[in-house]
1. Could you check how many residues of the range B:16-41 are in contact (Cβ under 8 Å) with a residue 40 or more places away in the chain and either assigned to a loop (DSSP other than H, G, I, E, B) or of a type in the set (A, V, I, L, M) (or both)?
2. In the range B:213-243, what residues are open to solvent by 30 Å² or more (accessible area, probe 1.4 Å) and in contact with a strand residue (DSSP E or B) (Cβ under 8 Å, 6 or more places away or on another chain)?
3. Counting only residues that are touching a Pro at 6+ places or on another chain (Cβ under 7 Å) and among the hydroxyl-bearing types (Ser, Thr, Tyr), give me the helices (runs of 4 or more DSSP H) lying completely in the range A:194-295 with at least 2 of them.
4. Looking at the range B:50-75 only, could you name the residues that are open to solvent by 30 Å² or more (accessible area, probe 1.4 Å) and within 14 Å of B:ASP28 (Cβ to Cβ)?
5. Return yes or no: is B:GLN155 within 16 Å of ligand 1 (Cβ to nearest atom), in a helix (DSSP H, G or I) and surrounded by fewer than 24 Cβ atoms within 10 Å (Cβ to Cβ)?
6. For the structure I just gave you, tell me whether A:ILE24 is more than 26 Å from the chain's Cα centre (by Cα) and open to solvent by 70 Å² or more (accessible area, probe 1.4 Å).
7. Residues that are within 16 Å of ligand 2 (Cβ to nearest atom), hydroxyl-bearing (Ser, Thr, Tyr), open to solvent by 50 Å² or more (accessible area, probe 1.4 Å) and modelled with pLDDT of 90 or more: does the range B:31-42 have at least one?
8. Can you name the residue in the range A:166-221 that is among the small types (Gly, Ala, Ser) and more than 30 Å from A:ALA267 (Cβ to Cβ) and is also farthest from the other protein chains (Cβ to nearest Cβ) among such residues?
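The values are calculated or read from the model by the stated rules, or taken from the named source; none is laboratory data. In this text, all values refer to a predicted model and were calculated from it rather than measured experimentally. Because the Cβ atoms are built from the backbone with ideal geometry, glycine has one as well, and the counts that use them run over all protein chains shown. Quick note on the areas: whole protein, heavy atoms, side chains included, nothing else; ligands and nucleic acids left out. Shrake-Rupley method; radii C 1.70, N 1.55, O 1.52, S 1.80 Å.
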Amino acid sequence: MNTKKVNKLALAVIKLIAAVVVVILAFLLGKILLSGLPHVSWHFLTTPSRSFTAGGGIGIQLFNSFYLLILTLLISFPLSLGAGIYLAEYAPKNRVTEGVRMAIEVLSSLPSVVVGLFGFLLFVVQFKMGFSIISGAIALTFFNLPLLTRNVEDSLNNVPKLQREAGLALGLSKWHTVTKIILPEALPGILTGIVLCAGRVFGEAAALIYTAGQSATNIDFSNWNPFDESSPLNLFRPAETLAVHIWKINSEGIMPDAEQISAGASAVLIVAVLIFNLSARYLGNRLYKRLTASK
Amino acid sequence: MEKEKIITSQNVHLYYGEKEALKGIDLDFPKNGIHALIGPSGCGKSTYLRCLNRMNDLIDNVKITGAIKLDDEDIYSPKMDTVELRKRVGMVFQQPNPFPFSIYENVVYGLRIAGVKDKNLLDERVETSLKQAAVWDDVKDDLHKSALALSGGQQQRVCIARVLAVKPEVILLDEPTSALDPVSSNKVEEMLLTLKNEYTCIIVTHNMQQASRISDTTSFFLNGNLIETGPTKQIFVNPTKKETDDYLSGRFG
Ligand SMILES: Nc1ncnc2c1ncn2[C@@H]1O[C@H](COP(=O)(O)OP(=O)(O)OP(=O)(O)O)[C@@H](O)[C@H]1O
Ligand SMILES: [Mg+2]
């Protein structure tokens, strides 16, 4: 066979594989959205769930998911930013640094159930934090940190070395060069990474079942004092998230409309994650354009 | 009369790990004027140039011995502040490397970091630096456009303006025109000629015509050694060393 034919054949195979992937994805998405979206209404999105009767919603779970996401990012982003900057810009190339990198790699491949059980034993039981949002947020931080750190480090490393030299040669200190020139340039990449991580966290259930808990206590949306037990902002209340809710309904839901609720909640979850992913691309592109072309 | 020296270097050796890239360089630069460093690829021109503002410090496993002095101050002494040094010895690179900001911000960046806030002063410095760098006419209508939206030649001149804005004493240029078209190269050359009365420019170039056109003194490097240095005319017309003659007449390198 001549090279031209080989080339054509290889291309055809690759295209076929890509098409299969797309079809599977489209089928899955289509099925979930088609069976779920008809059950989604404003009422569904805003009312609390019911355990025994039909007509419940996912209001509290939805709120919990977002609140947990924000808390998790608040904890994990600064940590990963610091670690990423250190690894990319300051860490000497030696065994210790390699060890740290390796530890991060191992951490990122831990199954989320294990992270959840670890969180349960350490925070929920040992530190007596109970099933609470804060336990969940810390567990998710463990789950999130490796990828985010990796993302920050890679984004920084992708900025050409020439830019570092330009800054230093201009008489900027290393810290200044990193924070004022390299970091802004790496921002689109970092942001994309954060939003993608947000999608992962949003859909995570296994790490939360034993940490943030499986019950959505009734919360009072008119009480914004974080120290009150019924406040939505309270850090120490158990908080079932959307993903955990779906898991629970499917394993032990006894309300008559369990199937519809599960379908609707899945659709909402998928839509939220899709929005995260699309906005990651959009934001990344826009930021990049803003940085590189005229304002 | 002997002209005042601004940079002196004595017996400079530089090792990248085991590899000796500079094998004892003694070279002085008189204040102001344009000084060219020439020689075949890999002979250590960039390495030497980067010793003068301590950019080699950024590379792991580099060892430097000997003495380099700027106005009689040892730049490798522990007392020397590299940040301060690099403000006095600016550098322009082979590839234009503007920051991803507006043209205006690129030029004032060094000043801002140094704490200059006065808007009038900044505006004034932007204009003079861009004019000195011969790029003012190209960009004056839209100073707030991203510097990355300029052509390579314009970017390079903005990078030069960025260096000029902090008013260094010495400007190091490592093949500043090798990525530019002839017209842009010419503009940069002409600009250097106007700067040479106030600044000491040290330029690495592979372009022999360029070296002979614009430089006052020329130094020829070969395999980590300085073979010969002297007034440009003498080096090109009447070199004393055989290696220099061979190189300039294209017999090797
Ligand atoms: N970071 C580095 N690590 C190890 N060796 C290096 C490094 N940079 C340069 N060298 C070596 O040092 C020698 C001199 O390099 P240098 O870059 O100074 O050459 P040059 O004269 O500028 O060449 P060119 O004209 O191609 O730019 C070369 O043999 C090169 O391989
Ligand atoms: Mg070089």
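1. Going residue by residue through the range B:16-41, those that are in contact (Cβ under 8 Å) with a residue 40 or more places away in the chain are B:16-17, B:20-27, B:29-41.
Of the ones still in play, those that are also either assigned to a loop (DSSP other than H, G, I, E, B) or of a type in the set (A, V, I, L, M) (or both) are B:17, B:21-22, B:25, B:27, B:31-32, B:34, B:36-41.
Here the count works out to 14.
2. Within the range B:213-243, B:ASP216, B:THR217, B:ASN223, B:ASN225, B:LEU226, B:ILE227, B:THR229, B:PRO231, B:PHE236, B:THR240, B:LYS241, B:GLU243 meet the criteria.
3. Working: elements: A:206-209, A:242-252, A:258-292.
Helices (runs of 4 or more DSSP H) meeting the threshold: A:258-292.
4. Residues satisfying the conditions are B:GLY66, B:LYS69, B:ASP71, B:ASP72.
5. Numbers: within 16 Å of ligand 1 (Cβ to nearest atom): no; in a helix (DSSP H, G or I): yes; surrounded by fewer than 24 Cβ atoms within 10 Å (Cβ to Cβ): yes.
Taking the combined requirement at face value, the residue does not satisfy it.
6. Details: more than 26 Å from the chain's Cα centre (by Cα): no; open to solvent by 70 Å² or more (accessible area, probe 1.4 Å): yes.
Spelling it out, it is not the case that A:ILE24 is more than 26 Å from the chain's Cα centre (by Cα) and open to solvent by 70 Å² or more (accessible area, probe 1.4 Å).
7. yes
8. First, the residues of the range A:166-221 that are among the small types (Gly, Ala, Ser): A:166-167, A:169, A:171, A:173, A:186, A:189, A:193, A:198-199, A:203, A:205-207, A:212-213, A:215-216.
Now narrow it down to the ones that are more than 30 Å from A:ALA267 (Cβ to Cβ): A:166-167, A:169, A:171, A:173, A:186, A:189.
Values: A:ALA166: 4, A:GLY167: 8, A:ALA169: 4, A:GLY171: 4, A:SER173: 5, A:ALA186: 10, A:GLY189: 13 Å.
Once the filter is applied, the top-ranked residue is A:GLY189.
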